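To keep things clear, I will list the structure first and then write my remarks on it.
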Amino acid sequence: MKIDIKKEVLEALEEGSAVVALESTIISHGMPYPENYEMAKKVEDLIRKEGAVPATIAIINGVIKVGLEEDELLHLARSEGVLKVSKRDFGYCISQGLTGATTVSGTMIIADMVGIEVFATGGIGGVHREANTTFDISRDLEELANLNVAVVCAGAKSILDLGLTLEYLETKGVEVIGYKTDKLPAFFTSSSEFDVTYRLDSSKEIAKVIDSKWRVTYGGIVVANPIPEEYSLDPKLISKTIEKAIEEAKEQNIKGKETTPYLLAKIKELTGNKSLEANLALVYNNATLAAKIAVELAKMK
């Protein structure tokens, strides 16, 4: 198996400089072209602006890539039929020489493998609603339990059962750090009824927690960073929209890994693109915070 690490990423890792991992599913499955390409470029620019090196992770023609060149990023943004790659899909994607976009869990696996400790994404997966009958639980939670990667996100996706997701994370020993918040952000909305494990108000404090945890034990950390207030959507509107989207998914018998992209696309449609604007805002916000944390963590090393 070959892992191709981009030169600037490899040099940063060898020097102990700040690196931030980025997923690629949001590019190939989260947004249409050219918005997805423009978003990916802006995220990388924001990370560089804070003094860190971006490392977008994907599989291109069967080769794992850590950090994408311009043409590879464009290829991923434009291509149709890109495989969505979680842990179970790596073997197939690589052996068949396919192009694949890594999910949160897939990105965490590669980031941990090459030594990248901070990862920025939109929102993590979790326990789906009605999981007591469907057993639909995201692989993200298992990787968070076992891999030393800090994931900066806008909380768990609001289509999930947030209470059960937090319970699962607690069982797995994963702390949820609220950045300047006591409540768990709910992706499109800046708050929810659920408490985070601990609140911290600076990137330096968060880096200290990460460093201290991994000196004693192992496992991921969720850094919950609320969507900027001006982009936060009305919780009642989002709740009604999600319920409608879930009902339509049931009617069309949409299950498994197709559920989340379907629901997010339907929410975008039902909110008249407001959810896309919110999604972009929270991704940019997370990238900036992740870079700041990575820089502080690199100083401690």
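Of note:
- For the chain: relative contact order, % (alpha-carbon pairs under 8 angstrom, 6 or more apart): 20
- Under the criterion of Cα pairs below 8 Å and six or more residues apart, the relative contact order for the stretch 147-301 equals 30 percent.
- Helical content alone sets the calculated 222 nm signal of the chain at -14500 deg cm²/dmol, taking -39,500 (n - 2.57) per DSSP H segment of four or more residues and averaging over every residue.
- Given charges at beta-carbon only (K, R positive; D, E negative), |dipole| of the stretch 1-126 in Debye: 380
- Checking the cross-link pairs Lys49/Lys208; Lys172/Lys255; Lys42/Lys87; Lys240/Lys292; Lys2/Lys204 against a 31 Å limit on the alpha carbon distance flags Lys240/Lys292; Lys2/Lys204 as lying beyond it.
- Each Cα pair under 8 Å and six or more residues apart adds its sequence gap; the mean of these over the residue count of the stretch 231-301 is a relative contact order of 34 percent.
- Applying D = kT/(6 pi eta Rh) to the stretch 82-138, where Rh is the Kirkwood radius over alpha-carbon pairs, T corresponds to 25 °C and eta to 0.890 mPa s, the Stokes-Einstein value obtained is 191 µm²/s.
- Rounded to 5, percent antiparallel among DSSP beta bridges of the chain: 30
- Whole-Å distance, taken between Cα centres, linking the stretch 135-202 and the stretch 280-301: 17
- Relative protection proxy for 144-153, 76-85, from highest mean packing down: 144-153, 76-85 (other beta-carbon atoms within 10 angstrom).
- Histogrammed with a bin width of 20 Å, the alpha carbon distances of the chain distribute as 37, 60, 3 percent, first bin at zero.
- Dipole magnitude for the stretch 106-200: computed about the Cα centre from +1 point charges on Lys and Arg Cβ and -1 point charges on Asp and Glu Cβ, it is near 260 debye.
- Magnitude of the charge dipole, the chain, Cβ model with Lys/Arg +1 and Asp/Glu -1, debye to 20: 180
- Label-zone membership for the stretch 160-196, site Ser212, 7 angstrom Cα→C-beta point, backbone N under 17 Å: 174-180
Only the coordinates and a few stated rules stand behind these numbers; no lab work does. Every value quoted in this text rests on a predicted model; they were computed, and no experiment measured them. Using ideal geometry, Cβ is built from the backbone for each residue, glycine included, and neighbour counts are taken over all protein chains shown.
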